[in-house]
C-alpha cells in the first residue's frame, strides 16, 4: 500500500544527504512518497529532493529558537503538504514535534481533510533535556513541555516507541492508545562489515561515541579511565562526537589536563558512520556511561562491530545488553564500578572477544533494514485502517 507520509523531527540534514541518511530514506521510499520537515546543518533553510522531499528550517544557534520555529512554522508547512500533496499520515518523532503535527491535524479536519497522527518516543522526553544543558527558569520550561506533550499525545492516533522504557513512559502519559515498538534506524551493515574486518588482537583502546553533553556522563568515564591508566600504560581513551555543549566540552578537556592524561585521551569530532564503524571495530571496548536514553543505537552499532559494551542499565539499554553475556552494566555515576569493568575488559582480551562475538550475534537478530521498513509498513497500514474507519463513521452519521 503506497502512502504519503510526513516525518517531523529535530534532526539535522545536509545536502546531499550523508550516506546513512540516504540509505534510510531510500528504504522508506519503498512505502510511498515521503516528506521530511526538519533542520538544516547551518542557518540557511533548504528544500531539496533525495529519496524524499526535504523541507529544512534554519539551524538557529539557540535551541529555544529551533523549538519556536517548529511550533510556529511546522503546522503551516505540514498543513500545506496535507492540502497540496495529499499527505494522509503524519509521523512526529517526539511529543514536541507532535505539538506542531497535532495543530496541523486539527486545522486539516476543519478543512475536511482527515489525517492520522503517529507520535514517537525515542527517549525520556520528561527529563533528558534537563540532563543535557542548563535551562533558564526550569520549572516554567518543564510546565510548558508537559503541556505541549499532553496536547500532542491527546491528539495522537498511534504511538511508536523504541524500547520497553519508552513504552512504559507513554503508557503513563497516554494509557489505552495503540503502541508499536521497534528500534530506531541504523546503518547496521556498515558495522557488521567493520566487525568482519576486526583485528584479532585489538589495541587496548576504550571508545566513547556520542555527543558531548552532561547527560552522557563522559566526565565519569574520564575519571574511571584515570583510575586504571597506570595499570594499563598502553591503553588509550578515544572520545568521538559532536561538541554539543561547548562549556561541558571545555570542562572535559580541562579535566584531562588536570589529571595529566594528555596523550592518553584523544578528542575526535563528529565522524561519518563508516569511520565510526572502523573506530568501533578497532576498539577493545565501547563505553556509554549515560544517565538517560531511549534506546541508544550506538550500543547495538558497537555490538554489531563485535565490540563489547559497558553501559548503564537505564532506559532501553537492558533491552539489548545482558550483563556478563553480551556486555557489562554499571550504575550511573559509579566511577569505581566503571573502572573495575574497564579493568576486567582490558585484562581479559580473550574473554572480551567472546563477549563481543555474542554481542554481534544479538545485533544481527535485533535489527535489519528489511524489518525496519516492514514495521513502518505495519504502522502505516494501521493508520490507514483508522482513517477508513473514521470515513465510514462520518458517512454513517451523515445518513
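Miscellaneous remarks
- Additional length obtainable on full extension of the chain from residue 369 to residue 271, 0.36 nm per residue less Cα span: 33.1 nm
- Take every pair of alpha-carbon atoms less than 8 Å apart whose residues are at least six positions apart; their mean separation over the length of the stretch 1-93 yields a relative contact order of 36 percent.
- Highest-MSF residue in the chain out of 373, 91, 107 [GNM, Cα springs under 10 Å]: 107
- Most mobile of 32, 327, 370 in a GNM of the chain (Cα contacts under 10 Å): 370
- Against the main long axis of the alpha-carbon atoms of the chain, helix 273-282 sits at an angle near 30°.
- Computed from label points 7 Å out along Cα-Cβ, the spacing between residue 27 and residue 336 is 4.3 nm.
- Segment residue 211-residue 126, extension gain: residue separation times 0.36 nm, minus the distance between their alpha carbons: 28.7 nm
- From the alpha carbon centroid of the stretch 27-42 to that of the stretch 51-112 is 13 Å.
- Considering only the Cα atoms of the chain, their convex hull presents on average a projected area of 19.6 nm².
- Per residue, the average separation of C-alpha pairs within less than 8 Å and at least 6 apart gives the stretch 188-366 a relative contact order of 27 percent.
- The calculated Kirkwood hydrodynamic radius for the stretch 188-366 is 15.8 Å, given to one decimal from all distinct C-alpha pairs.
- Taking the number of Cβ atoms within 10 Å of each Cβ as an exposure proxy, the fewest-first ranking of 354, 182 is 354, 182.
- Model label sites at residue 172 and residue 15, defined 7 Å from Cα along the beta-carbon direction, differ in position by 4.2 nm.
- For the stretch 334-360 versus the stretch 199-223, the spacing of their alpha-carbon centroids is 13 Å.
- Of all DSSP bridge pairs formed entirely within the stretch 1-101, close to 20 percent run antiparallel.
- Per residue, the chain reaches -15500 deg cm²/dmol at 222 nm when only DSSP H runs of four or more residues are counted, each adding -39500 (n - 2.57).
- Comparing mean-square fluctuations of 296, 308, 63 from a GNM of the chain with C-alpha springs under 10 Å, the top value falls on 63.
- Compared with the direct C-alpha span, the chain from residue 136 to residue 253 gains 39.6 nm at full extension, assuming 0.36 nm per residue.
- In this structure, residue 150 and residue 361 have a Cβ-Cβ separation that, at R0 = 45 Å, corresponds to a calculated FRET efficiency of about 0.60.
- Of all DSSP beta bridges in the chain, antiparallel share, percent nearest 5: 10 percent
- Short-range pairs are left out: with C-alpha atoms under 8 Å and at least six residues apart, the relative contact order of the chain is 14 percent.
- Cα-based helix-to-principal-axis angle, 369-398 vs the chain, degrees rounded to 10: 20 degrees
- The DSSP beta bridges internal to the stretch 188-366 are antiparallel in roughly 0% of cases.
- Ordering 83, 185 from the fewest to the most neighbouring beta carbons within 10 Å gives 83, 185.
- Residue order, fewest to most surrounding Cβ atoms within 10 angstrom, among 236, 86: 86, 236
Here, each number is a calculation from the coordinates, and none is a lab measurement. Predicted model, so just to flag it, every value in this text is computed and none were measured. Cβ atoms come from the backbone with ideal geometry, glycine included; neighbour counts cover every protein chain shown.
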